[in-house]
1. Anything in the stretch 1-48 that is among the polar types (S, T, N, Q) and at pLDDT 90 or above? List them, or say none.
2. For the stretch 277-326, give me the residue count where each residue is among the β-branched types (Val, Ile, Thr), closer than 28 Å to residue 208 by Cβ and outside any helix (DSSP H, G or I).
3. Taking the residues in the stretch 559-585 that are surrounded by 24 or more Cβ atoms within 10 Å (Cβ to Cβ) and touching a helix residue (DSSP H, G or I) at 6+ places or on another chain (Cβ under 7 Å) as candidates, determine which candidate is nearest to residue 666 (Cα to Cα).
4. Just to check your reading of the model, which residue among 588, 610 is surrounded by fewer than 24 Cβ atoms within 10 Å (Cβ to Cβ), in contact with a helix residue (DSSP H, G or I) (Cβ under 7 Å, 6 or more places away or on another chain) and farther than 28 Å from residue 443 by Cα?
5. What residue, among those in the stretch 111-141 that are among the acidic types (Asp, Glu) and in contact with a strand residue (DSSP E or B) (Cβ under 6 Å, 6 or more places away or on another chain), is surrounded by the most Cβ atoms within 10 Å (Cβ to Cβ)?
6. Restricting attention to the stretch 478-496, report how many residues are hydrophobic (A, V, I, L, M, F, W, C) and surrounded by fewer than 17 Cβ atoms within 10 Å (Cβ to Cβ).
7. So, residue 67, is that one part of a strand (DSSP E or B), outside the structural domain of residue 592 (by TED's automatic domain parsing) and within 23 Å of residue 200 (Cα to Cα) or not?
8. For the stretch 266-276, which positions are touching a strand residue (DSSP E or B) at 6+ places or on another chain (Cβ under 8 Å) and in a loop (DSSP other than H, G, I, E, B)?
Amino acid sequence: MEGAVTLSDSEPGATATPDARTPDGTVQLDRRDADEWDSLGEDPQFLYGLEPPLPAGWYRLRATLRATRGQVVDPCLYVDLGQGFGEDLRMPLRYDPRSGRLDAIVRFDGDARVLRFDPTTTVCRFVFDGLRCDRLGEAEATWLMARALVRGGARDARDAARLCENLRSSQRDGEAAAALELAWSEYRGDGEAQDDAAYLDWIQAQERPALARSAPSAPAGDAPLFTVVLLPQDGRAMREACLDALLAQSYPHFEILVPRGMARPVEAGAPSVRELDDAETACPGVRQARGRYLTWIAGAERMPGHALACVARAIEAHPGATLLYTDEDFLAADGTRRRPYFKPAWDAELQAQHDYVGPSSFLSREWLSRWIDSAPPSRAWRYAATLAAGAEAGPEGVLHLPAVARHHLDPPGEPAAPLDAQGAFGDMDRALAAHLARTAPGAEAVAAGAGRPVRVRHPLPEGVRCDIVIPTRDRVDLLSVCVDSILARTEGVDYRVAIVDNGSVEPATHAYFERVQKDARVRVLTYDAPFNYSAINNFAVARCDGDIVVLLNNDIEVVDGGWLRELASQAVRPGVGAVGARLLYPDRTLQHAGVILGVKGVAAHPYTRRGRGYPGQFGRALAVQSMSAVTAACLAVRRSVFDEVGGLDESLAVAFNDVDFCLRIVRAGHRNLWTPYAELLHHESASRGYEDDPVKQARFASEVETMQRRWGGALERDPAYSPNLSLSGRAFTIDPLREADFRPRTAALPMPSFKDES
């Protein structure tokens, strides 16, 4: 590989490996023999007291961690630097489930007093030979992280060469610290190798059996006919190979339109192969097509043999669909499948900025025949057609088939068009602007910078006022940062701040209350009752009269003056319910990018502890999108919607009240959004602690039971999340044990009956 650094097995300056440490305590674990353990729940823990503490710095953690029954999922480390455990100090650990080898680099930003090692998030049996910990110098840490990244197997040659060249440049310039930070940023955000290994396991354990179970039966008399248009891009040899793959489809009812000079005779009963009239400038083949649905394919793409059969079954079950799209993945040079895009259900907000439907679309010929006459010529014709079809058909007229039915030979493209390495980005911008002019008057498409999708900015009507509600009990160190930053930095919105005092006793807190209320925008309300997050907010909102309510934690800091305008301009839109913000930990890593239902039993945040610029799943973390739930640490909602659903449920005093609130908003017919363009700091985590307080455990278990009873299967069918992604590990990872689900779906969240909400 030209320009790449060669990394050998020898480790420069490696220190001797100490004996494995013996845990001082365990939680949800039962020891069977010397090295074999049973995990008894979803939160097993090995606890290690450190006396003397481990000094701040870099460490290499190693262990044998091999499942003997079930599966080890998502091992991680928590570190207590003197203030207890918290999610902001959670460190995912690199782990190879095939070899059972855990080998990870971690950094302690202070002296470590206690380590908590969570070996898995599942009930399983495993072998664990103890945790070994080596202290590293900075050069060793840089080298080991770079080696792991290059050898991970998920990086293509260009990515690996880029990383190595950047590291070399930093070292040449004498910037060892810069090289270390670069390696750490890449290492902490790199999980592709593990994901690809899990994907191959999922294909073997889930996809193949599911396809075998649903092998196509004899087609019905009205089986849908498809027209597949082979586009003239890519070389002749690539197009011929693509055509060969098309002719190997298990479903017989389709025709192929090919570029000039590629028509070929076929056997009787085989799909016809006709030449494409290349005079058309938008949606090639529409006027020639005989099929009920059209799809387009490039020479550098492949349809697996089951693709059309799966699509046909979906359309037979939903014959009125205007648009259908499937999941996609990428092929390595040796043909190995990797990097699946398991997609969300239809989301017009997301599609506008992030063409996740991509080349996998199947569009109704009847609809296309009407639309094409008004379609402006554009290289982004397929993107424009998808936007228009989705807007006209509505959520029920668009189907997502969560089966991988398209492979790509080219690497992923930019976040705006991750499934099209040759994306026509300038044309996409113009197509989006034209679409907004028709569907969202006043909205504008704004360039957001290199490597980021276009931002859709919505207008904020004159006269809209926001009430910001902040519950607190003392902690004036946090509260003052929160309120002072709001007053000093918030721009472009009429707002008031309501601080809700829930039993503060410290003189400094009351002195701050007195001082800050001299600002006419601030008032302090007194809530004199035991702590109940839901009740406190309901109490405060009842005493507000603004158009928009913003629920805000007292540990939030405003860093961008446009945060409130962005939240309010989204929340005021018709049909929109709750709007969540992008929250960062103080070190600028992600804390909140929406909430995914079902993960860890009820819900969880995706992408936690990733870098600020982390794109998320193929770029999703860079775009406004629909989410079933967002966190109430910073949540905006129209006052009318808050009242419509009855506010927060006061039977959920601490946990999941925001998730329940958001789901009731969805049930009422609104959609919730998350936006990356309202960015704030979240100074404290939702502390996990040792979770050994029986009262807290009982309360949490009761709230979990309430959510599962109330929302049932909806927690496992989040439209913002694929039914083929993990519910037991981190969000957006692959669980080879989760059964494949290829049922077509719309954007609707499946709601249970609500006979008992007590």
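1. Scanning the stretch 1-48 gives 26, 28, 39, 45.
2. So the answer is 3.
3. Restricting to residues being surrounded by 24 or more Cβ atoms within 10 Å (Cβ to Cβ) and touching a helix residue (DSSP H, G or I) at 6+ places or on another chain (Cβ under 7 Å), the top hit is 577.
4. Answer to the check: 610.
5. It comes out as 118.
6. Number of matching residues: 2.
7. yes
8. 266, 271, 272, 276
The values are calculated or read from the model by the stated rules, or taken from the named source; none is laboratory data. Quantities reported herein were computed from a predicted structural model and do not represent experimental measurements. Quick reminder, even Gly has a Cβ in these numbers, built from the backbone with ideal geometry, and neighbours come from all protein chains shown.
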